[in-house]
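Everything below concerns the one structure shown next.
Bear in mind that the values in this text are calculations on the coordinates, not laboratory data. None of these values were measured; they are calculated from a predicted model. Cβ coordinates were reconstructed from backbone atoms using ideal geometry, including for glycine residues, and neighbour counts include every protein chain displayed.
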Amino acid sequence: MTRHMLNRRTLLKATVLGSGTLAMPSILTRSGFAAESLTVADVGGAAGDAIRAAFCEPFKKETGVQVINVAHDPDPVTQFKLMVDTKTYLWDACMMIPDYIFRLQEGKNYIAPLDLKDETGDMVPGMLTENWLGFSVFGILMAYNTEKYGANGPKNWADFFNPEKFAGRRGLYRAGWGSLEMALLADGVAPDKLYPIDVDRAFKSLEKIKKDVSVWWTSGAHNTQILQSGEVDMSDTWSARVYGAIQGGAKLTTVWQGLYSVDGWAMPINGPKQSLAREFIRFCMRADRQAAYSNLVANGPTNKKAFDAIAPERARILATDPANFAGLVPLDPRWWSQSNRQMVKKRMDEWLLS
Amino acid sequence: MASSDLSSPNLSATGKPSFRLGSIWLAVPGVAFLLIFFLWPTVHILVSAVWGDDGRFSSKALFSVFTSSSYSRVMATTFTVAVQVTVLCVLISYPLAYWLSRHSARRQRLLMMLILLPFWTSALVKNFAWLVLLGRNSNFAQFVTSMGGAGDRLLFNRTVVLFGIVHTLVPLCVIAMMPTFNQVNKSLLSAATTLGASPTQAFWRIFLPLSMRGVATAGLMIFVTSLGFFITPSLLGSPRETMVGQLIIEQINELQNLQQGSAFGVVLLVGAIIGVILFDRIFGLSGVAGGSGNSQPDDRVRRFGLWLCSRIGNMLDPVARGYRDTFRGLPGSRLLGAYSLLVIALLLVPVVAIIPMAFTSGSFLAFPPPGFSLRWFETYFASPIWMAATARSFGIGLACAALTIVVAATVAFAVVRSRSRLAGAIFIFFMSPMIVPHLVISIGLFYLFAQMSLIATDIGLVLGHSVIATPVVFIVVLSTLRGHDWRLDDAALTLGATPRRAFFRVTLPLISGGIAAGLITAFLISFEELTIALFIGGGLVTTLPKQLWSDIFLQINPTLAAASVVVLGVVTVLFLLMEVISYWRKPA
């Protein structure tokens, strides 16, 4: 694609020469940002507000550098690639899970090296890599309606996949990301033996509840809405999402069995403000900042010291709480590569439409 | 149709010939606009359907659309849904538009404002509102269950997807029909009655044939627009209702498979172009060159249509008579009024439901809300991001409407007035941005704008929105111009007016209804557009739909409803203000 794009670009250049005048006013708009400022892209919504309060504003207070946080698409990989390919560095850092980092390094590398060290030794191992800093741990788990099941709800994924034992409407993530793993857990695969995913076995397991899944949800808000309004009785979900719904009064409870993944910062390769962005990311490693963030959004910190500043009852609802964390295994980004995602997607569509 | 029927090409000889021959040149700026900002960027993306990552030709992705059982099934669903939606929209909108056309201009504007209100609410908010209103725990579902229906099965099926799409598109359908309906000379109807036709016959033999151009315009627009729907089927449908727009987004945006995504885009484009050509063949929308003789639809088709209309008219006449004799107190016109008000009420359901949802004290969209509070309005008004996004959406909408009307109207004028063979090609070309998925246009524009430093600028957004709005505005203005009686211009010219004077004093006032409809549609399309804002805005230059989209990472919160209510309020106040001003300036 790269070579092709390059040709395309030179061709575009030729046509664009004539319209150069149109670009003039844009210079005025873009230079509106001060020299000492950064733009970081996050997932938006409540998490975006929390990032602003816990990281961006304190960073400005300490360094004078303004950090503008904007929201990116639920899956920012295409946008990120476009940005780097056209050298239009809109974002100096971007919030991404390891999957995205992995996908942005398949073939051409789009991620800049981070060059940061865990100086205090407080980071959870694996949360700081050569090009990524994780700071927001979330669980991919089960939630069910307590009004429907009371205290005798499903205890694990085997129960979820057993419509005879637990009648009720189910929701599942249509992309297969996470839901295939749940199907395997339900079929008795040991958590540490999930990868490489036995796709045939996973679909065989899914077959058992096909007619009981009334909603194959497609986006985070969709997932929350169907759980909160009682449209489904149980569904796979993410920890911060379901916690938000519970806080809002929804009659839901969680079953901490499943996967976890981590959101974190990465920088686009050859970006113009890397040293400044690096300072901001270093700032996000700090225990006090991570604690402030986890107090606002129900995602776990990656700096072990952060728990000192998090109240015990708050810590208990986070994915990083030992009791919760025991039931979770890391989602493997290497398995969810470009080709496997494509294959799962195709197979899922064929299966759902047959 | 009939009015242009009558204006034979010979009459044009009385006008200044240079005016005619030169009219195709009027299309140059508009065509250049679309060549630069649409065709060039889009083609460069679409060619990747056959050019793989390695730069080699491969038709594998393109073939898979037909060979894969699930893909071909999605394609079939997409086109079936589009046809069903078109038929439903036209059938539902026609009586409503007919009823509207019998009202005074001021009444029409007021009713039109009501009909367009749901359009001001973001598609995202509306679809989530349906999830709430039709969910199995909703009052309506309980009502259906108590009536013996399957109240818990209202969502996630074909019917509700059709309902959602039709509900979204009926206002568009009505606005596309109105200019033509208003152009039908009402004295023709009284002439028919004087000559002995019953009202039923007059409708079927005079009004219906004369209004067919508006129906065709609206139908074409609905068909092509509905092909690209993705939010409604993914939120309200089951996997069986998957439409190709969803697949394109998944392939390009989630799987980074530009090749497969473009392959879907190409097949969709080809299918839609075939649809456009068929439509044009039957209804003669483009008015292809070579004098009015050729610009008319196939003679046999037309004659068959007219024959059919008069047959139905004659057949229904005794039925209508019988009805009038049986139900004396309830004339048909009253029935039509009741039907129209019912449709308008249905259109307003989500709008009306969103208002209490915005004043909820809870943190979710719920109906009825658990309690009253202003907290979501406080959140909205206290947030500089929401305020800036709202202001920008209005500003960009206005700029986009201005730019689009210039581009679309000049080209429409050229197509109608020119006898050049190019007119037909220009027509198809100007319809094409409606068919190409917005995602493809957005990514193509990203490459182009990156070269022009237009990424994350307001100008970039205006240009992008204009590309998307151009076909709709073009077809609305075109159908108005097609119905315009050009003999009036000829008369003005004969009487010594300069072409410019004739245009401003005769043509413009007569087509102002179509121009106004074009401006409103352009504004509405810009106001609702998401994909361009997502890619070209990059999160830095945020419009209202983009802000709504960003805000739902974890959940749909009532701030979105509050934002919608504020927009509805602003629009209503602006409209009423304009009405009051026009009332004082020109007492009716």
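Ranking B:Gly149, B:Ile556, A:Leu353 by how far each Cα lies toward the positive end of the dipole of the protein assembly as shown (charges on Cβ) leaves B:Gly149 at the top. Taking all Cα pairs closer than 8 Å and separated by 6 or more residues, the relative contact order of region A:39-158 comes to 20 percent.
Please say if the protein assembly as shown is rounded, prolate or oblate, where rounded means a/c under 1.5 for a ≥ b ≥ c the square roots of the C-alpha gyration tensor eigenvalues, and otherwise the choice is prolate for a/b larger than b/c and oblate otherwise? In terms of gyration-tensor shape, prolate. Computed over region B:354-454, the quotient of the alpha carbon radius of gyration and 2.2 N^0.38 Å is 1.72.
What list do you get for A:Asp122, A:Asp200 if you sort them by fewest beta carbons within 10 Å?
Numbers: A:Asp122 16, A:Asp200 9.
So the ranking, lowest neighbour count to highest, is A:Asp200, A:Asp122.
What the phi angles of region B:222-239 give under the Karplus curve with 6.51, -1.76 and 1.60, with θ = phi - 60°, is a coupling list of 5, 4, 5, 5, 5, 4, x, 5, 9, 5, 4, x, 6, 8, 9, x, 9, x Hz, glycine and proline written as x. Database remark: amide H of A:Leu38 closer than 5 angstrom to the amide H of A:Gln66, A:Val67, A:Ile68 (H placed geometrically; neighbours at sequence offset of 5 or more, or on other chains; Pro and chain starts carry no H).
Taking amide H as placed 1.01 Å from N in the peptide plane, the amide H of A:Gly44 sits under 5 Å from that of A:His72, each at least 5 places away or on another chain. The mean number of partner chain beta-carbon atoms within 10 angstrom of a residue's beta-carbon across peptide B:249-258 is 6.
Distance from the Cα centroid of region A:299-321 to that of region B:341-365 is 40 Å (rounded to whole angstrom). Cβ crowding within 10 Å ranks B:His484, B:His465, A:His222 as B:His484, A:His222, B:His465, fewest other Cβ atoms first. The relative contact order of chain B comes to 24 percent, based on Cα pairs under 8 Å that sit 6 or more residues apart. Couplings 3J(HN,Hα) for region B:34-47, derived from phi with the Karplus relation 6.51 cos²θ - 1.76 cosθ + 1.60 (θ = phi - 60°), are 6, 4, 6, 9, 10, 4, 4, x, 6, 4, 5, 7, 5, 5 Hz, where x marks Gly and Pro. Taking amide H as placed 1.01 Å from N in the peptide plane, the amide H of A:Phe135 sits under 5 Å from that of A:Asp263, A:Gly264, A:Trp265, each at least 5 places away or on another chain.
For region B:135-288, relative contact order (Cα pairs under 8 Å, six or more residues apart, normalised by length) works out to 22 percent.
One Cα centroid belongs to region B:446-482, the other to region A:46-98; the line between them spans 28 Å.
The shape of region B:427-495 comes out prolate: with a ≥ b ≥ c from the C-alpha gyration tensor, a/c is at least 1.5 and a/b beats b/c. A simple charge model with +1 on the Cβ of Lys and Arg, -1 on the Cβ of Asp and Glu and nothing else charged puts the dipole of region A:216-354 at about 520 debye relative to its Cα centre. Evaluating 6.51 cos²θ - 1.76 cosθ + 1.60 at θ = phi - 60° for every residue in region B:89-96, the Karplus couplings come out as 4, 5, 5, 6, 7, 4, x, 5 Hz, glycine and proline recorded as x. Taking the Cα centre of the protein assembly as shown as origin and assigning +1 to Lys and Arg Cβ atoms and -1 to Asp and Glu Cβ atoms, the resulting dipole is close to 3200 debye. Can you give the helix-only mean residue ellipticity at 222 nm for chain A, where every DSSP H stretch with n ≥ 4 adds -39500 (n - 2.57) and the sum goes over all residues, rounded to the nearest 500 deg cm²/dmol? When only DSSP H runs of four or more count, the value is -11000 deg cm²/dmol. Local charge for B:Leu530 was computed over the other residues whose Cβ lies under 12 Å away, with Lys and Arg +1 and Asp and Glu -1, and equals -2. Summary of the geometry: region B:170-213 and region B:487-525, compared by the centres of their Cα atoms, lie 22 Å apart.
Full extension of the chain between B:Asp485 and B:Leu188 yields a length gain of 105.5 nm, computed as 0.36 nm times the residue separation minus the alpha carbon distance. Looking at the square roots a ≥ b ≥ c of the eigenvalues of the Cα gyration tensor of region B:407-558, which shape do they give, rounded for a/c under 1.5, prolate if a/b is larger than b/c, or oblate? Note, shape of region B:407-558 comes out prolate.
In chain B, if the dipole is taken from +1 on Lys/Arg beta carbons and -1 on Asp/Glu beta carbons about the Cα centre, which of B:Phe364, B:Val160, B:Thr326 is farthest to the positive end? In chain B, that residue is B:Thr326. The ranking of B:Val467, B:Val87, A:Val77, A:Val329 by Cβ neighbour count inside 10 Å, starting from the fewest, reads B:Val87, A:Val329, A:Val77, B:Val467.
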